[in-house]
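Asks: First the structure, which I've put down as structure tokens, then a few questions once you've had a look.
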2 protein chains.
Amino acid sequence: MLTLGRNARQASRVMMGATDQAKSAALRAMAQALQDRRAALQAANRADLETARANGLEAALLDRLTLSDKALDTMAAGLAQIAAMPDPVGSLSNSSLRPNGMRVAQMRVPLGVIGIIYESRPNVTIDAAALCLKSGNATILRGGKEALQSNVALGAVVREGLLAAGLPETAVQVVDTPDRDAVGHLITMTDYIDVIVPRGGKGLIQRLSAQARVPLIKHLDGNCHVYVDADADLEKAHRVAFNAKTYRYGVCGAMETLLVHQDVAASLLPGLGQAFTDHGVTLRGCERTRLLLRQAEPATDEDWGSEYLGPVLAVRVVDSLEQAMDHIARWSSGHTESIVTEKLGTARRFQREVDASSVYVNLPTCFADGYEYGLGAEIGISTNRLHARGPVGLEGLTTYKWVLEGDGQLRG
Amino acid sequence: MLTLGRNARQASRVMMGATDQAKSAALRAMAQALQDRRAALQAANRADLETARANGLEAALLDRLTLSDKALDTMAAGLAQIAAMPDPVGSLSNSSLRPNGMRVAQMRVPLGVIGIIYESRPNVTIDAAALCLKSGNATILRGGKEALQSNVALGAVVREGLLAAGLPETAVQVVDTPDRDAVGHLITMTDYIDVIVPRGGKGLIQRLSAQARVPLIKHLDGNCHVYVDADADLEKAHRVAFNAKTYRYGVCGAMETLLVHQDVAASLLPGLGQAFTDHGVTLRGCERTRLLLRQAEPATDEDWGSEYLGPVLAVRVVDSLEQAMDHIARWSSGHTESIVTEKLGTARRFQREVDASSVYVNLPTCFADGYEYGLGAEIGISTNRLHARGPVGLEGLTTYKWVLEGDGQLRG
């Protein structure tokens with residue numbers, strides 16, 4: 001692993017100065033190689049699938065593991081799309097001329113070396129490598145052991161693209177050992193890795209968070225709330241809340257708790273509750289909710305703290321905006337929070353005072369996604385306070401350095 | 001410590017929504033209280049000084065510990081200055097209207113709760129509290145035990161200012177126990193503290209870095225280089241290099257190694273070396289340097305890696321720009337690096353490819369300072385890659401959240 005780290009650090013120096021022309025050419029060459037090497041990729045993938053079947057991996061995971069023609073086409077299209085995005089590196093901002101005549105500015109630069117730790121989705125190998133490469137970083141990829149052969153084969157495709165564009169082949173390295181210690185090394189190699197982006201379930205993120213010395217760009221939970229205010233348009237509230245829950249149960253921006261102001265609970269909840277029940281969503285409610293929704297089971301503190309990621313919803317009737325914001329402050333995971341209201345002052349207060357990486361007005365929480373925000377692509381979502389927050393695109397994989405230019409000015 | 005943490009988190013919620021009017025009023029009230037409570041402050045300080053003298057603290061440290069009339073005046077002036085600075089919180093940027101009509105923007109917001117861990121300079125208590133407060137954060141301050149009485153008395157002044165402005169008095173809390181475990185708690189209370197800014201020597205920073213679970217905004221070393229290129233104006237190079245070393249030996253931006261291109265070494269070094277020697281700077285050189293500077297002792301790898309923070313300078317003659325950049329890549333601490341050259345392409349390449357938080361052209365490295373960069377004030381200098389880099393001002397104590405506003409748009 002130390003060799004991988006040293007290689008990556010060296011490659012990172014070259015990548016920092018690489019032109020967008022070279023980086024985009026590498027990405028397009030990779031897309032081409034994905035087509036040309038299809039037979040070899042699918043053969044490697046079949047080996048993984050056979051082992052996985054023999055180990056009794058469940059159908060959904062087998063599906064994610066499979067490099068079908070369609071999956072490979074999607075990956076190639078993703079590469080072409082990322083190649084066409086504007087390069088964030090090198091732009092200057094906050095430039096000022098100081099009183100002594102020297103110029104001060106901030107230049108956007110790559111983070112350096114990024115580690116990606118993920119589970120058994122081989123498409124992440126290509127997607128993550130592409131985003132890191134476009135933003136000028138060197139990358140070390142460590143996927144799940146179930147996808148090892150597939151990832152090694154995809155790594156060869158990536159190297160082919162890098163070499164075709166005259167970039168160092170160690171700019172993207174795939175860890176080719178199933179050894180579990182590899183992860184332990186990656187997350188503590190602070191000299192060689194600048195940031196880790198973990199992609200996977202809560203268990204993985206928790207384990208990495210507890211042990212990492214390298215900073216992580218991550219979110220643990222998406223315990224997202226929609227608060228329907230006393231001044232909400234109730235028809236809009238119904239649509240927003242329903243979409244926030246049912247767009248997809250498994251996305252981290254899915255609503256997990258609905259908060260409703262007491263003044264509108266009796267008008268909103270019976271119809272909305274029925275719609276959820278008809279859609280197969282189980283409801284858990286506070287006492288006041290259960291007076292209006294007989295089908296709701298009693299909600300406990302465990303419900304307020306749960307990211308169900310499934311067809312279950314907690315519902316609470318609150319006295320006021322303040323009580324809604326107190327509930328959110330106590331239970332929110334800082335991911336995405338939304339208010340439905342027509343009143344300007346209430347919207348402004350909620351947006352100002354709620355502490356989360358994304359705060360919405362009159363929108364379902366399921367909009368939490370880099371494409372929806374206009375970032376073009378997304379490496380993940382962060383609930384960190386430092387550095388990138390919310391959906392993280394290319395710019396979140398960069399940082400800045402100060403560049404000063406003078407003509408021999410002296411200090412003191 | 002948990003109580004302090006919980007108080008801070010609660011106060012932070014109020015501070016996030018506080019107006020600049022209130023925050024600035026608190027800072028001005030503190031400046032007034034510093035004048036009004038001068039007798040009590042100096043009495044508490046005398047108690048610290050007596051203990052320190054009894055414990056044989058050295059003169060330089062006693063000097064830093066003393067709350068003289070002048071020191072208190074400087075602190076009050078600093079408060080007034082920070083009060084007058086523009087509030088970074090609440091500004092909106094990168095606002096765009098998405099194809100579906102929803103508005104996406106980033107709102108600048110406070111980081112949350114900031115811990116400051118520092119040594120025995122009581123002025124840090126006021127300076128750090130003021131910067132954190134102005135940027136809307138709650139703060140927990142832990143100074144050196146030698147300054148405990150002084151810091152507790154200053155904490156009372158800060159509380160007086162907060163209360164006068166109607167802000168929660170727990171927005172700034174001074175740890176009032178000399179218990180060393182307090183620091184261990186602070187740096188691991190990830191639920192209650194969002195970031196720690198350590199202010200002190202390398203030993204303190206190293207200890208905290210090894211044990212912290214809370215992210216640190218910090219730099220460990222300032223091993224800064226000036227590279228004099230083949231195309232340098234040698235008169236300018238002489239002035240820049242001399243200033244970079246001698247402006248102040250003890251600042252983290254002081255030059256520690258001078259790199260000189262072989263084509264200009266014979267013209268530059270004898271005169272510049274003599275100037276350093278006359279100024280009392282000891283020189284350590286590579287072999288080629290020592291042919292030109294007989295007074296230089298041989299330099300070892302230890303010299304290339306040293307932040308002397310004193311009147312010692314390492315000097316190396318290099319073959320080329322590439323060799324200079326390789327030397328910097330190997331030995332730099334990522335703080336501040338400078339090139340002296342008149343050639344545009346060389347300057348551009350150095351600025352683009354050298355990986356440090358600040359990269360200069362034709363300027364001495366000792367400009368590394370928030371005031372010089374136009375930040376108005378500085379909480380410290382960061383060599384981190386994530387979040388704030390280089391001199392960290394008010395904006396570095398904030399982050400952003402995404403704010404989205406719609407009219408019931410749905411996803412999918």
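The values are calculated or read from the model by the stated rules, or taken from the named source; none is laboratory data. For clarity, every value in this text was computed on a predicted model and none was experimentally measured. When we count neighbours, we look across all protein chains shown, and the Cβ atoms used for this are built from the backbone with ideal geometry, even at glycine. Heads up: the accessible areas ignore ligands, DNA and RNA and are worked out on the full protein's heavy atoms, side chains in. Shrake-Rupley method; radii C 1.70, N 1.55, O 1.52, S 1.80 Å.
Asks: For the stretch A:38-184, state what percent of all Cα-Cα pairs lands in each successive 10 Å bin, counting from 0 Å until the bin that includes the largest distance.
Replies: 11, 35, 29, 13, 7, 4, 1, 0
Asks: Check the axis relating chain B to chain A and name the residue of B whose C-beta is nearest, distance in whole Å.
Replies: Nearest residue, distance rounded to whole Å: B:HIS387, 2.
Asks: If the cut-off is 13 Å between C-alpha atoms, which aspartates and glutamates fall inside it for A:LYS218, apart from same-chain ones fewer than 8 positions away?
Replies: Hits, sequence-local ones excluded: A:GLU378.
Asks: How crowded by other chains is A:383-395, given as the mean number of beta carbons from other chains within 10 Å of each beta carbon?
Replies: Per-residue shielding by partner chains comes out at 4.
Asks: Another question about this same structure. Kindly give the distances from A:THR74 to its copy-mates, label point to label point, with each label point 7 Å from Cα along Cα→Cβ, as nm values to one decimal ordered shortest first.
Replies: 6.2
Asks: Just to confirm the number: angle between the C-alpha axis of helix A:122-134 and the first principal axis of chain A, 0 to 90 degrees, nearest 10?
Replies: 70 degrees
Asks: Can you list the residues in the stretch A:342-372 whose accessible area drops by at least 40 Å² when all protein chains are present, compared with the chain alone? Use a 1.4 Å probe, heavy atoms only.
Replies: Relative to the lone chain, where solvent access is computed with a 1.4 Å probe, the stretch A:342-372 loses at least 40 Å² at A:GLN351, A:ARG352, A:GLU353, A:LEU363, A:PHE367, A:GLU372.
Asks: Sorted from shortest, what are the nm distances separating the label point of A:THR300 from equivalent points in the other copies, each placed 7 Å from Cα along Cα to C-beta?
Replies: Copy-to-copy label distances at A:THR300, shortest first: 6.6 nm.
Asks: Also, I was wondering about something else. Over 26 Å between Cα atoms, which of A:LYS202/B:LYS134; B:LYS70/B:LYS134; A:LYS343/B:LYS401 qualify?
Replies: Result: A:LYS202/B:LYS134 exceed 26 Å.
Asks: Further, regarding this structure: For the stretch B:165-185 and the stretch A:225-262, what is the separation of their C-alpha centers, rounded to whole Å?
Replies: Taking the Cα centre of each part, the stretch B:165-185 and the stretch A:225-262 sit 39 Å apart.
Asks: Where the only charges are on Cβ atoms (+1 Lys, Arg; -1 Asp, Glu), what is the dipole of the stretch B:145-291 about its Cα centre, to the nearest 20 debye?
Replies: Numbers: 15 positive and 17 negative charges, 67 e Å.
Computed charge dipole of the stretch B:145-291: roughly 320 debye.
Asks: Enter the Cα centre distance for the pair the stretch B:59-86 and the stretch A:45-71, rounded to the nearest angstrom.
Replies: 66 Å
Asks: Output the Cα-based Rg and Dmax of the stretch A:225-327 in Å, rounding Rg to one decimal and Dmax to a whole number.
Replies: 12.1, 32
Asks: Would you be so kind as to list the residues of the stretch B:227-246 that have their accessible area lowered by at least 50 Å² in the full protein complex compared with their chain by itself (1.4 Å probe)?
Replies: B:ARG239
Asks: Quick check: at a probe of 1.4 Å, how many percent of the accessible area of the stretch A:224-369 sits on carbon and sulfur atoms?
Replies: Values: 2480 of 5420 Å².
Within the stretch A:224-369, the accessible surface is 46 percent carbon and sulfur.
Asks: Still on this structure: Sort A:65-73, B:381-389 for me by packing, meaning the mean count of neighbouring Cβ atoms within 10 Å per residue, highest on top.
Replies: For the peptides A:65-73, B:381-389, the packing ranking is B:381-389, A:65-73.
Asks: Which three lengths, in whole Å and largest first, does the stretch A:1-92 cover when its Cα atoms are put on their principal axes?
Replies: Per principal axis, max minus min of the Cα coordinates gives 52, 33, 23 Å.
Asks: Starting from the Cα of A:GLN262, step 7 Å toward the Cβ, then list every residue of the stretch A:345-374 with an amide N under 18 Å from that point.
Replies: Within reach of a label on A:GLN262: no residues.
Asks: Roughly what angle does helix A:321-331 make with the longest principal axis of chain A, taking Cα atoms, 0 to 90 degrees, to the nearest 10?
Replies: 50 degrees
Asks: Quick one: work out Rg over Rh on the C-alpha atoms of chain B, Rh as Kirkwood radius.
Replies: Rg/Rh: 1.03.
Asks: On the first, second and third principal axes, largest extent first, how far apart are the outermost C-alpha atoms of the stretch A:83-168 in Å?
Replies: 60, 27, 20 Å, listed from the longest principal axis down.
Asks: Could you compute how much accessible surface B:HIS279 exposes when probed at 1.4 Å, giving the result in Å² to the nearest 10?
Replies: 90 Å²
Asks: Another one. Within 10 Å of each Cβ in B:129-142, how many Cβ atoms from other chains are there, averaged over the peptide?
Replies: 0
Asks: Continuing with the same structure: Give me the angle, in degrees from 0 to 90, between the Cα long axis of helix A:38-54 and the longest principal axis of the Cα atoms of chain A, rounded to the nearest 10.
Replies: The angle comes out at about 50 degrees.
Asks: Considering every pair of different Cα atoms, what Kirkwood radius, in Å, is found for the protein assembly as shown?
Replies: 28.8 Å
Asks: At what distance in angstrom do the alpha carbon centres of the stretch B:91-118 and the stretch B:336-367 lie from each other?
Replies: Going from one Cα centre to the other spans 32 Å.
Asks: Rounded to the nearest 100 Å², what's the accessible area chains B and A bury against each other, both chains counted, probe 1.4 Å?
Replies: The buried area between B and A, both sides summed, comes to about 6500 Å².
Asks: OK, next. Using a 7 Å offset from Cα along the direction of the beta-carbon, what are the separations from B:THR177 to the same position in each other copy, nm, ascending?
Replies: Reported distances to equivalent positions: 4.5 nm.
Asks: Restricting attention to the alpha-carbon atoms of the stretch B:284-412, what are Rg (one decimal) and Dmax (integer), both in Å?
Replies: Reported Rg and Dmax, both Å: 20.5, 78.
Asks: Ordering A:THR190, B:THR289 from largest to smallest accessible area (1.4 angstrom probe), what's the sequence?
Replies: Values: A:THR190 75, B:THR289 0 Å².
The residues order as A:THR190, B:THR289, largest area first.
Asks: A further question on this structure: Looking at A:THR346, A:SER320, A:LEU272, which one has the Cα that reaches farthest to the positive end of the dipole of the stretch A:224-369 (charges on Cβ: Lys, Arg +1; Asp, Glu -1)?
Replies: Of the listed residues, the answer is A:LEU272.
Asks: Report, ordered by chain and residue number, the aspartates and glutamates lying within cross-link reach of B:LYS23, taken as a straight Cα distance under 15 Å and ignoring same-chain residues fewer than 8 apart.
Replies: Straight-line reach from B:LYS23, under 15 Å: B:ASP87, B:ASP127, B:GLU160, B:GLU169.
Asks: With +1 on each Lys and Arg Cβ and -1 on each Asp and Glu Cβ, how big is the dipole of chain B about its Cα centre, in debye rounded to the nearest 20?
Replies: Details: 43 positive and 46 negative charges, 218 e Å.
The calculated dipole for chain B is roughly 1040 debye.
Asks: Then there is this: For chain B, what is the percent of antiparallel DSSP beta bridges, rounded to the nearest 5? Let's see the in-between values first.
Replies: Details: 15 of 53 bridges.
Antiparallel bridges: around 30 percent, rounded to the nearest 5.
Asks: Averaged per residue, what accessible area in Å² does the protein assembly as shown show with a 1.4 Å probe, protein chains only?
Replies: Details: 32000 Å² over 824 residues.
Value returned for the protein assembly as shown: 39 Å² of accessible area per residue.
Asks: Still on this structure: Given B:THR282, B:PRO110, B:ALA129, which one lies farthest toward the positive end of the charge dipole of chain B, if we put +1 on the Cβ of every Lys and Arg and -1 on the Cβ of every Asp and Glu?
Replies: B:PRO110
Asks: Please compute the Cα-Cα pair-distance distribution of the stretch A:150-253 with 5 Å bins starting at 0, giving whole percents from short to long.
Replies: 2, 10, 13, 13, 13, 12, 10, 9, 7, 5, 5, 2, 0
Asks: Other chains' Cβ within 10 Å of B:209-219 residues: what's the mean? Please list the in-between numbers first.
Replies: Numbers: counts 2, 1, 0, 1, 4, 0, 5, 1, 1, 0, 0.
For this peptide, the per-residue mean of nearby foreign Cβ atoms is 1.
Asks: Based on Cβ point charges of +1 for Lys and Arg and -1 for Asp and Glu, what charge dipole magnitude is obtained for the protein assembly as shown about its Cα centre, in debye rounded to the nearest 20? Before the final figure, lay out the partial values.
Replies: Details: 86 positive and 92 negative charges, 3 e Å.
Here the protein assembly as shown has a charge dipole of around 20 debye.
Asks: If you count the DSSP beta bridges with both ends in the protein assembly as shown, what percent of them are antiparallel, to the nearest 5?
Replies: The antiparallel fraction comes to roughly 25 percent.
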